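Sharing a structure here in structure tokens format.
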There are 2 protein chains.
Amino acid sequence: MTEVIRRVRPGDEIEIAAMVRELAEFEKALDECTVTETQLHTALFAEKPVAYGHIVEIDGEVAATAVWFLNFSTWDGVAGIYLEDLYVRPAFRRRGLARKLLATLAAECVENGYSRLTWAVLNWNVNAIALYDAVGGKPQTEWTTYRVSGPELTALAGEQA
Amino acid sequence: MTEVIRRVRPGDEIEIAAMVRELAEFEKALDECTVTETQLHTALFAEKPVAYGHIVEIDGEVAATAVWFLNFSTWDGVAGIYLEDLYVRPAFRRRGLARKLLATLAAECVENGYSRLTWAVLNWNVNAIALYDAVGGKPQTEWTTYRVSGPELTALAGEQA
């Protein structure tokens with residue numbers, strides 16, 4: 001068995017789009033998932049990419065992916081990695097690929113001087129949470145994330161003089 | 001009284017660093033706040049900035065700031081704004097500046113086709129939460145944010161083959 005963890009390259013957007021949809025289905029949000037291969041290609045491979053990705057291949061088959069972007073902390077003044085999607089296809093689970101992808105991103109942080117690796121997990125995803133606790137992840141329970149989108153975003157934008 | 005909301009420009013990093021520290025003190029985390037003016041200058045004004053900012057000036061005095069960066073959603077395939085810091089100096093509160101900054105960022109989203117404006121709030125910051133509810137913000141209570149940093153990040157990175 002050959003196992004390869006590598007950065008994404010053009011063409012991978014097809015398998016990544018498929019995995020993003022598989023993950024959205026698992027997260028019971030397939031109706032919110034409208035992403036296209038073209039959008040992913042642009043995000044990942046534009047001259048100024050807004051997202052980055054890793055792929056795991058097992059014997060040439062795409063088994064898992066991590067899609068991430070850089071954030072910035074005004075507290076320590078440096079960038080960090082925000083892991084937007086972490087997904088392992090069912091046939092390739094229980095062999096530690098998620099942990100390996102997290103370790104790969106942690107190494108990316110250390111090599112580049114980024115101070116932290118951040119992500120969000122659905123509260124009912126107990127298997128994922130067990131892994132996240134095991135790798136030293138700390139739940140940021142003192143903070144609540146807020147989001148404005150859709151008609152509320154348009155209405156708020158309209159308040160601008 | 002003249003009130004100006006504008007994008008940051010080189011030199012603003014001095015007032016922004018001061019306001020970031022004022023906010024960290026309010027958030028009872030001044031010890032975690034080590035950011036320097038040089039770091040902020042690099043983040044905001046490099047050829048490829050990792051952060052962006054707005055300033056509010058009242059009669060030429062710096063009254064408030066918003067520091068933000070772009071994120072990416074694999075669900076809808078487009079960028080969004082993550083508001084890292086929103087701060088209004090005490091002497092300039094209760095005149096709607098925080099709401100105006102939120103509206104400015106919402107307009108930035110709409111103009112650029114970004115689908116959402118996201119941020120995090122400390123659970124005890126009830127005044128801020130009242131505003132966030134009032135502008136149509138939705139608390140993402142079904143998700144928990146996780147973070148790995150410090151020695152745990154180094155240890156995780158060390159697992160990489």
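Filter the range B:94-127 for residues that are without any contact (Cβ under 8 Å) to a residue 40 or more places away in the chain, more than 9 Å from chain A (Cβ to nearest Cβ) and surrounded by 16 or more Cβ atoms within 10 Å (Cβ to Cβ) and give the result.
B:ALA98
Specify the residue that is surrounded by the fewest Cβ atoms within 10 Å (Cβ to Cβ); the eligible residues are those in the range B:128-140 that are farther than 17 Å from B:THR65 by Cβ and more than 7 Å from chain A (Cβ to nearest Cβ).
Of all residues in the range B:128-140, those farther than 17 Å from B:THR65 by Cβ come to B:129-130, B:132-140.
Restricting the remaining residues to those that are more than 7 Å from chain A (Cβ to nearest Cβ) gives B:129-130, B:133-134.
Numbers: B:ILE129: 17, B:ALA130: 9, B:ASP133: 12, B:ALA134: 11.
Once the filter is applied, the top-ranked residue is B:ALA130.
Look through B:MET1, B:MET19 and report the one residue that is loosely packed, with under 12 Cβ neighbours inside 10 Å and within 24 Å of B:ALA107 (Cβ to Cβ).
Going through B:MET1, B:MET19 in turn, just one is loosely packed, with under 12 Cβ neighbours inside 10 Å and within 24 Å of B:ALA107 (Cβ to Cβ): B:MET1.
A follow-up question, please. Give the residue that is farthest from A:TYR52 (Cα to Cα), with candidates limited to residues of the range B:79-93 that are of a type outside the set (Phe, Trp, Tyr) and facing chain A (nearest Cβ under 7 Å).
Filtering first and then ranking leaves B:ASP85.
Which residues, counting only those in the range B:10-25, are out of contact with any helix residue (DSSP H, G or I) (no Cβ under 7 Å at 6 or more places or on another chain) and in contact (Cβ under 8 Å) with a residue 24 or more places away in the chain?
B:ASP12, B:GLU15, B:MET19, B:VAL20, B:GLU22, B:LEU23
Follow-up question, since we're still on this one. Suppose we keep only residues that are within 7 Å of B:GLY136 (Cβ to Cβ) and not in a strand (DSSP E or B) within the range A:146-161. Which one would you say is farthest from the other protein chains (Cβ to nearest Cβ)?
Checked the range A:146-161; the qualifying residue farthest from the other protein chains (Cβ to nearest Cβ) is A:ALA155.
Scan the range A:39-58 and report the pairs whose first residue is more than 11 Å from every other protein chain (Cβ to nearest Cβ) and whose second residue is assigned to a loop (DSSP other than H, G, I, E, B) and surrounded by fewer than 19 Cβ atoms within 10 Å (Cβ to Cβ), with Cβ atoms within less than 8 Å and a gap of 6+ or a chain change.
Cβ pairs passing all conditions: A:PHE45/A:PRO10; A:GLU57/A:THR2; A:ILE58/A:MET1; A:ILE58/A:THR2.
Read the figures in this text as sums done on the coordinates, not as results from a lab. What you are looking at is a predicted structure, and each value in this text was computed from that prediction instead of being measured. In this analysis, Cβ positions are derived from the backbone assuming ideal geometry, glycine residues included, and neighbour counts consider all displayed protein chains.
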